[in-house]
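Novice: Please read through the structure below; I'll follow up with questions.
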Amino acid sequence: MLKFDDIYDRWVTETHLVLQTVKPHPKGKNPGDVWSIKLQLLSEAHFATFPEELVKKCIEAGCPEEGIVLDPFAGSGTAGKVAYDLGRNAILIELVPEYLNIIKKRCPNIKKVIYVK
């Protein structure tokens, strides 16, 4: 009826059906739907600093070792700091020039900071 060819059948079999196979996590049960993470204050003047533990869980779950973390709203640089602590690289994008010094202080491994007006 839809006249799909063998390419579609192979894609469904090799990609979609394989993804439907749920395997238990090797370290035990899934982390669950709710994470209890304490807030973390930052002495610098940034109003919305993510707790490092939250960022750490997300990076560990979604970025392989030596991978690259992209943070398009870098703010205080928490994602960059945690990425480097975990052995990942990071690309941080921030439009507010006042936050660049905070990022440089928290992410001493930064190779280059580019500010575009």
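Novice: Output the number of residues of the stretch 76-110 satisfying the condition of being touching a strand residue (DSSP E or B) at 6+ places or on another chain (Cβ under 9 Å), under 16 Å from THR49 (Cα atoms) and surrounded by 17 or more Cβ atoms within 10 Å (Cβ to Cβ).
Specialist: The number of residues fulfilling the criteria is 11.
Novice: Could you tell me which of the residues GLU66, GLU60 is surrounded by fewer than 19 Cβ atoms within 10 Å (Cβ to Cβ), in contact (Cβ under 8 Å) with a residue 12 or more places away in the chain and within 23 Å of TRP35 (Cα to Cα)?
Specialist: Working: GLU66 fails: within 23 Å of TRP35 (Cα to Cα).
Unique residue meeting the criteria: GLU60.
Novice: Please go through the stretch 57-84 and give me each residue that is under 28 Å from PRO97 (Cβ atoms) and either among the basic types (Lys, Arg) or assigned to a helix (DSSP H, G or I) (or both), ordered by number.
Specialist: Selection gives CYS58, ILE59, THR78, ALA79, GLY80, LYS81, VAL82, ALA83, TYR84.
Novice: Another question, if that's okay. Could you tell me whether the stretch 85-101 includes any residue that is among the β-branched types (Val, Ile, Thr) and either assigned to a helix (DSSP H, G or I) or in contact (Cβ under 8 Å) with a residue 60 or more places away in the chain (or both)?
Specialist: For the stretch 85-101, residues among the β-branched types (Val, Ile, Thr) and either assigned to a helix (DSSP H, G or I) or in contact (Cβ under 8 Å) with a residue 60 or more places away in the chain (or both): absent.
Bear in mind that the values in this text are calculations on the coordinates, not laboratory data. Since the structure is predicted, the reported quantities are computational estimates derived from the model, not experimental observations. Methodologically, a virtual Cβ is constructed for each residue, glycine included, from the backbone with ideal geometry; neighbour enumeration extends over all protein chains shown.
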